[in-house]
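So the structure is just underneath, and the comments pick up after that.
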Ligand code: CP
Ligand code: NVA
């Protein structure tokens with residue numbers, strides 16, 4: 001059973017195949033209008049969402065399928081009345097595909113272990129692979145290639161998007177530099193950096209973790225940042241985190257260090273004046289809304305690929 005739990009498990013060829021399918025879906029959406037007719041996608045959410053929820057639900061509808069939004073807080077699983085394994089076994093009897101946005105990555109892995117239908121990671125505290133597939137699609141659309149580019153990630157290194165970017169870039173031959181504060185709380189998890197470095201050796205890319213923002217940003221083709229206050233971070237940590245992350249804010253001075261035609265990306269939601277200034281987010285270099293749009297096309301491609309054996313037409 002092919003799931004999408006982490007980009008670590010997806011070979012570069014499979015990533016390339018899904019990106020090509022996403023391009024095709026974007027160019028001719030009508031061709032896919034009945035591709036998942038009669039199929040149901042279950043979407044389990046333990047955290048908020050704008051993009052992931054709406055793009056998956058719309059994507060399923062546009063391909064003739066049906067999506068169910070299921071708030072974990074109102075489920076027996078979320079209220080401690082039922083375990084993950086039994087939940088997985090039951091939903092597999094009803095639906096064709098499951099996507100879940102959960103806090104605990106281990107819980108998602110367990111859900112996939114017991115499910116007999118494909119499971120998609122719609123974000124955990126640890127990783128966010130669907131986002132990074134849309135990011136790769138966007139970068140290739142704008143730059144015409146992936147391999148050999150330089151991507152700089154600034155800000156929270158101990159972050160789901162950062163982890164998935166490290167893996168996705170390393171697999172596809174993009175050199176990635178992460179500029180983040182020192183310390184375990186703010187740096188990417190060592191096992192992810194090790195895995196990314198191993199994939200980078202195969203693709204010819206380079207992976208660098210630095211605590212100097214300028215070193216990360218210099219000559220970058222893509223400058224990427226994400227929220228300093230991810231959904232699972234307690235609001236009480238705001239002041240301390242703003243203090244720690246401020247040197248990594250993406251502002252006009254930092255963008256000047258990057259290539260003159262560098263793209264600015266943020267998976268969104270974004271807060272102007274925090275991880276980037278309004279000037280950068282709203283600049284012509286910013287592609288954040290194209291990036292958000294590509295979630296729709298990539299999610300359609302992911303659903304098509306995971307349901308491949310069963311797709312009609
Ligand atoms: N980028 C992203 O996953 O956004 P949402 O949290 O709105 O789904
Ligand atoms: N790192 C962010 C991504 C949001 C899409 C979070 O987990 O909230």
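Would you tally the residues in region 181-228 being part of a loop (DSSP other than H, G, I, E, B) and without any contact (Cβ under 8 Å) to a residue 24 or more places away in the chain?
Filtering region 181-228 for residues part of a loop (DSSP other than H, G, I, E, B) gives 181-189, 204-206, 211-212, 218-221, 226-228.
With the extra rule that they be without any contact (Cβ under 8 Å) to a residue 24 or more places away in the chain, the set shrinks to 183.
Here the count works out to 1.
For region 106-128, enumerate the residues that are within 16 Å of ligand 1 (Cβ to nearest atom) and surrounded by 24 or more Cβ atoms within 10 Å (Cβ to Cβ). Before the answer, list the steps.
Start the filter on region 106-128 by keeping residues that are within 16 Å of ligand 1 (Cβ to nearest atom), which leaves 108, 120-128.
Passing the criteria: 108, 120, 121, 122, 123, 124, 127, 128.
Are any of the residues in region 232-253 more than 16 Å from ligand 1 (Cβ to nearest atom), part of a helix (DSSP H, G or I) and touching a strand residue (DSSP E or B) at 6+ places or on another chain (Cβ under 7 Å)? It would help to see each step written out before you state the result.
Initial filter on region 232-253 (more than 16 Å from ligand 1 (Cβ to nearest atom)): 234-253.
Imposing the further condition that a residue be part of a helix (DSSP H, G or I) reduces the set to 235-248, 252-253.
Next, from what is left, pick out any that are touching a strand residue (DSSP E or B) at 6+ places or on another chain (Cβ under 7 Å): 248.
Yes, there is a match, as at least one residue in region 232-253 is more than 16 Å from ligand 1 (Cβ to nearest atom), part of a helix (DSSP H, G or I) and touching a strand residue (DSSP E or B) at 6+ places or on another chain (Cβ under 7 Å).
Residue-wise test of (1) buried (at least 23 other Cβ atoms within 10 Å of the Cβ); (2) over 16 Å from residue 176 (Cα atoms); (3) at pLDDT below 95; (4) within 16 Å of ligand 2 (Cβ to nearest atom).
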residue: 220; (1), (2), (3), (4): yes, no, no, no
residue: 226; (1), (2), (3), (4): yes, no, no, yes
residue: 235; (1), (2), (3), (4): no, yes, no, yes
residue: 243; (1), (2), (3), (4): no, yes, no, no
residue: 254; (1), (2), (3), (4): yes, yes, no, no
residue: 261; (1), (2), (3), (4): no, yes, no, no
residue: 267; (1), (2), (3), (4): yes, yes, no, yes
residue: 270; (1), (2), (3), (4): no, yes, no, yes
residue: 276; (1), (2), (3), (4): yes, yes, no, yes
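Can you work out which of the residues in region 129-158 that are within 12 Å of ligand 1 (Cβ to nearest atom) and out of contact with any strand residue (DSSP E or B) (no Cβ under 9 Å at 6 or more places or on another chain) is nearest to residue 191 (Cα to Cα)?
132
With region 44-159 as the region, which helices (runs of 4 or more DSSP H) entirely inside it contain at least 1 residues that are within 16 Å of ligand 2 (Cβ to nearest atom) and touching a residue at least 12 places away in the same chain (Cβ under 8 Å)?
The qualifying helices (runs of 4 or more DSSP H) are 51-62, 105-114, 129-143.
Would you confirm whether any residue within region 4-22 is in contact (Cβ under 8 Å) with a residue 24 or more places away in the chain, within 27 Å of residue 234 (Cβ to Cβ), within 16 Å of ligand 2 (Cβ to nearest atom) and out of contact with any helix residue (DSSP H, G or I) (no Cβ under 9 Å at 6 or more places or on another chain)?
For region 4-22, residues in contact (Cβ under 8 Å) with a residue 24 or more places away in the chain, within 27 Å of residue 234 (Cβ to Cβ), within 16 Å of ligand 2 (Cβ to nearest atom) and out of contact with any helix residue (DSSP H, G or I) (no Cβ under 9 Å at 6 or more places or on another chain): absent.
Looking at region 26-43, which of its residues are part of a helix (DSSP H, G or I) and within 23 Å of residue 117 (Cα to Cα)?
Keep residues of region 26-43 that are part of a helix (DSSP H, G or I), which gives 26-27, 29-32.
Of everything in region 26-43, just one residue is part of a helix (DSSP H, G or I) and within 23 Å of residue 117 (Cα to Cα), namely 32.
Would you pick out the residues in region 30-53 that are surrounded by fewer than 14 Cβ atoms within 10 Å (Cβ to Cβ) and either within 15 Å of ligand 1 (Cβ to nearest atom) or at pLDDT below 95 (or both)?
48, 50, listed by residue number.
Among the residues of region 288-302, are any touching a helix residue (DSSP H, G or I) at 6+ places or on another chain (Cβ under 8 Å), closer than 22 Å to residue 221 by Cβ and more than 16 Å from ligand 1 (Cβ to nearest atom)?
no
The values are calculated or read from the model by the stated rules, or taken from the named source; none is laboratory data. Just so it is clear, the model here is predicted, and its values are computed rather than measured. No Cβ is skipped: glycine too gets one built from the backbone with ideal geometry, and neighbour counts run over all protein chains shown.
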